[in-house]
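S.K.: Below is the structure I would like to discuss, written out as structure tokens.
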């Protein structure tokens, strides 16, 4: 009996995970990627991504995170790569803020190990942190970070070890469901298969235009700063998310590669619309200055100078693919039974990479998944309203 031939378009975070899970479950996998492995042209780069389970966005995500953590452990063991690290995480701001109240709600609902800390307790127990006196924090014991490039490389290596044929430097021009097969047209020829998985990242608006999900592509910037000479070490610090009374969030990491690598921080959802072809890859001095001044509201020891250009070690751009409601799109294509899609991860998807790969393999090989993915339906009201031309704030 011949194996199911599955073509995977896009081998970034989600696509490489899908290729791995499909190949290890016996599918004949052909993976296509226009760039080289673990490239920096999309969203799966930058050295680190926060992982956490006390999910302030919606507790409905927590069951997926519990499974993702199991798969992070398995991936690290099987690949002998450090794909993730548990550091603990502090999610701070006003008590009523989304970051604090939402994290606490999810932690309590699922019995996740956590502590609620006052501003004084944060400063006492977490060297370098100094939130405002009227702020509190939820400390999640099992938070940490994933390494995106290492994760992609690990999934690619393991997929190839399981027999996947992964092809890089191949641009996909079009795809079609012909009813009894799928067809993918590339700049190097036409491929045919039984099933198709599309993980297009920031190329979703073009590659999945018929879904009409209202996905916007946003330019985001990541920054790495040094520390003041008298600042506490950040080598073993927790990851963090900090929210102001106005709802502005930043996030950041310890010095994961030692003090010479600096500490990474970024604004969350403070981007401008772009496309993969029009994104401004230059990081401008005024952007870096605004970031330095903002992060010092929580970590006053960041930066050996008041001038960001003097203490920023480097910076990089990436892209969010944001849906109108900030929830993902993961499903069988509603009009193409042989096609599964994963897109619209809205700036908070990487922590789910291993379980998304498992879900896509389920959808392709079994026609269903045990995982709760109803909130990711492309036909949900928020996206349907967008399709009908109703504005979504």
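The values are calculated or read from the model by the stated rules, or taken from the named source; none is laboratory data. Fair warning: this is a prediction, and the values are worked out from it, not measured in the lab. Cβ sites come from the backbone with ideal geometry, for glycine too, and all protein chains shown count toward neighbours.
S.K.: Take the stretch 79-103 and flag every residue that is more than 23 Å from residue 255 (Cα to Cα) and surrounded by fewer than 21 Cβ atoms within 10 Å (Cβ to Cβ).
M.R.: 79, 94, 95, 96, 98, 101, 102
S.K.: Moving on. So which residues in the stretch 175-207 are part of a strand (DSSP E or B) and in contact with a helix residue (DSSP H, G or I) (Cβ under 9 Å, 6 or more places away or on another chain), if there are any at all?
M.R.: Listed by number, the residues that qualify are 175, 195, 196, 197, 198.
S.K.: Among the residues of the stretch 328-344, what is the count of those that are touching a strand residue (DSSP E or B) at 6+ places or on another chain (Cβ under 6 Å) and buried (at least 23 other Cβ atoms within 10 Å of the Cβ)?
M.R.: Filtering the stretch 328-344 down to residues touching a strand residue (DSSP E or B) at 6+ places or on another chain (Cβ under 6 Å) leaves 329-330, 332-333, 336, 338-344.
With the extra rule that they be buried (at least 23 other Cβ atoms within 10 Å of the Cβ), the set shrinks to 329-330, 339-344.
Within the stretch 328-344, residues that are touching a strand residue (DSSP E or B) at 6+ places or on another chain (Cβ under 6 Å) and buried (at least 23 other Cβ atoms within 10 Å of the Cβ) number 8.
S.K.: Looking at this structure, is residue 256 outside any loop (DSSP other than H, G, I, E, B) and closer than 17 Å to residue 128 by Cα?
M.R.: Considered against the rule, which asks whether it is outside any loop (DSSP other than H, G, I, E, B) and closer than 17 Å to residue 128 by Cα, residue 256 comes out as no.
S.K.: Sticking with this one: Given (1) assigned to a helix (DSSP H, G or I); (2) without any contact (Cβ under 8 Å) to a residue 40 or more places away in the chain, where does residue 116 come up short, assuming only one miss?
M.R.: With (1) assigned to a helix (DSSP H, G or I); (2) without any contact (Cβ under 8 Å) to a residue 40 or more places away in the chain applied to residue 116, the lone miss is (1).
S.K.: Hey, another quick one. Could you list, ordered by first residue, the pairs with Cβ atoms under 9 Å in which the first is in the stretch 167-192 and at pLDDT below 95 and the second is not in a loop (DSSP other than H, G, I, E, B), at least 6 apart or interchain?
M.R.: That search, which allows pairs on different chains as well, returns 178/192.
S.K.: Counting only residues that are within 23 Å of the chain's Cα centre (by Cα) and closer than 17 Å to residue 35 by Cα, how many does the stretch 173-198 have?
M.R.: 1
S.K.: I'd like to verify a number: residues in the stretch 62-103 that are farther than 18 Å from residue 130 by Cα and assigned to a helix (DSSP H, G or I), how many?
M.R.: Total meeting the criteria: 22.
S.K.: Can you name the condition, by its number, that residue 295 falls short on among (1) touching a residue at least 40 places away in the same chain (Cβ under 8 Å); (2) closer than 30 Å to residue 18 by Cα; (3) out of contact with any helix residue (DSSP H, G or I) (no Cβ under 6 Å at 6 or more places or on another chain)?
M.R.: Going through (1) touching a residue at least 40 places away in the same chain (Cβ under 8 Å); (2) closer than 30 Å to residue 18 by Cα; (3) out of contact with any helix residue (DSSP H, G or I) (no Cβ under 6 Å at 6 or more places or on another chain) one by one, residue 295 breaks only (2).
S.K.: Would a scan of the stretch 332-345 turn up a residue that is in a loop (DSSP other than H, G, I, E, B), more than 24 Å from the chain's Cα centre (by Cα) and within 23 Å of residue 52 (Cβ to Cβ)?
M.R.: Within the stretch 332-345, not a single residue is in a loop (DSSP other than H, G, I, E, B), more than 24 Å from the chain's Cα centre (by Cα) and within 23 Å of residue 52 (Cβ to Cβ).
S.K.: Right, something else. Taking the stretch 219-239 on its own, how many of its residues are surrounded by 20 or more Cβ atoms within 10 Å (Cβ to Cβ) and more than 17 Å from residue 292 (Cβ to Cβ)?
M.R.: Matching residues across the stretch 219-239 total 3.
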